[in-house]
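Q: Take this structure, written in structure tokens, and hold onto it; I'll ask about it next.
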Amino acid sequence: MKSDFKELLLQQASKVIVEHIAKRVISSPELFNDIYNLTFDKDKKIAWRSLWVCNKISESHPSFFADRYDELINRAMNAEDPSIMRLTLNIILHLQQPPNINVPFLDFCIENMTALDKTSACQAVCMKLAYKMCRYNQPELLYEIKTYIENMDEAYYNAAAICTKNAILKNINKNR
């Protein structure tokens, strides 16, 4: 089966192909390891396209990734490719937060939500993750997250990061 997925992913990447593979894996969970293992392929195209499929799967079936939470965190924190980082972070975002915060990962998210060398998509998902971790696990840290986000100079960020910033601030202020 893995080679079948790999052949599909070698074709022109499209939402249709990604959704087709995701639906196939969801309907046959025994195929999950095949697509997940492809996320480590040496061909970056195969790796990120497989992660795209995994991201689609995580949207509706986050339980497929439950035993890989720490692995995904380590992968995101060590990713050199921005697409692989973003997709891995998005998968983590869909997962239920464990009862204890992974402090190095929270620090990573705080650092990268304002890092000008990161893509706006990475900045936005890092903001969402930092907010989610604090909201559900450490509400006393929400003020710290709020301070970081409020101090982001909008002149340096694009609309996606600014929109995420404003939405999170609105939620923090609403839930006070």
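Q: Give me P(r) over the chain, computed from all C-alpha to C-alpha distances, binned every 10 Å, as integer percentages.
A: Answer for the chain: a P(r) of 10, 37, 33, 17, 4, 0 percent.
Q: Once the Cα atoms of the stretch 83-176 are picked out, what are the Rg and Dmax in Å?
A: Every Cα atom of the stretch 83-176 included, Rg and Dmax give 12.3, 36 Å.
Q: Between the DSSP loop rule and a limit of at most 13 other Cβ atoms within 10 Å, which trypsin sites (Lys or Arg not before Pro) in the stretch 33-109 are left?
A: Hits after loop and neighbour filter: K42.
Q: Now, a different point. Would you kindly state how much longer the chain becomes between N74 and E140 on full extension, computed as 0.36 nm times their sequence separation minus their alpha carbon distance, in nm to one decimal?
A: Difference between extended and current length: 21.2 nm.
Q: Next up: I need two numbers for the stretch 19-107: Rg to one decimal and Dmax as a whole number, Cα atoms only, in Å.
A: 12.6, 37
Q: So how far apart, in nm, are the two label points at E30 and D67 if each is 7 Å from Cα heading toward Cβ?
A: 1.6
Q: Let me ask something else. What nm distance separates the two modelled labels at N151 and E59, each placed 7 Å from Cα along Cα→Cβ?
A: My value for the distance between the label points is 3.6 nm.
Q: Any cysteines in the chain with zero other Cys Cβ atoms under 4.7 Å from their Cβ? List them, or say none.
A: C54, C122, C134, C163, each lacking another Cys Cβ under 4.7 Å.
Q: Hey, what's the stretch 54-175 come to in accessible area per residue, 1.4 Å probe, Å²?
A: For the stretch 54-175, the solvent-accessible area averages 50 Å² per residue.
Q: Next question. Of K23/K44; K45/K170; K6/K56; K118/K170; K56/K118; K6/K165, which ones are farther than 27 Å apart at the Cα?
A: Beyond 27 Å between Cα atoms: K45/K170; K6/K165.
Q: If you take the beta carbon distance between N100 and K174 as r and set R0 to 25 Å, what does 1/(1 + (r/R0)^6) give as a FRET efficiency, to the nearest 0.05?
A: That pair, N100 with K174, gives E of 0.45.
Q: Give me the percent of accessible area attributable to carbon and sulfur for the chain, probe 1.4 angstrom.
A: Whole-percent figure for carbon plus sulfur exposure: 50.
Q: Residue by residue, what Karplus-based ³J(HN,Hα) values in Hz, rounded to whole numbers, does the stretch 95-102 have, using 6.51, -1.76 and 1.60 with θ = phi - 60° and x for Gly and Pro?
A: Karplus-based 3J(HN,Hα) across the stretch 95-102 equals 7, 5, 6, x, x, 10, 6, 7 Hz.
The values are calculated or read from the model by the stated rules, or taken from the named source; none is laboratory data. Just so it is clear, the structure is predicted and the values come from calculations on it, not from any experiment. Backbone-built Cβ (ideal geometry, glycine too); neighbour counts: all protein chains shown. Quick note on the areas: whole protein, heavy atoms, side chains included, nothing else; ligands and nucleic acids left out. Shrake-Rupley method; radii C 1.70, N 1.55, O 1.52, S 1.80 Å.
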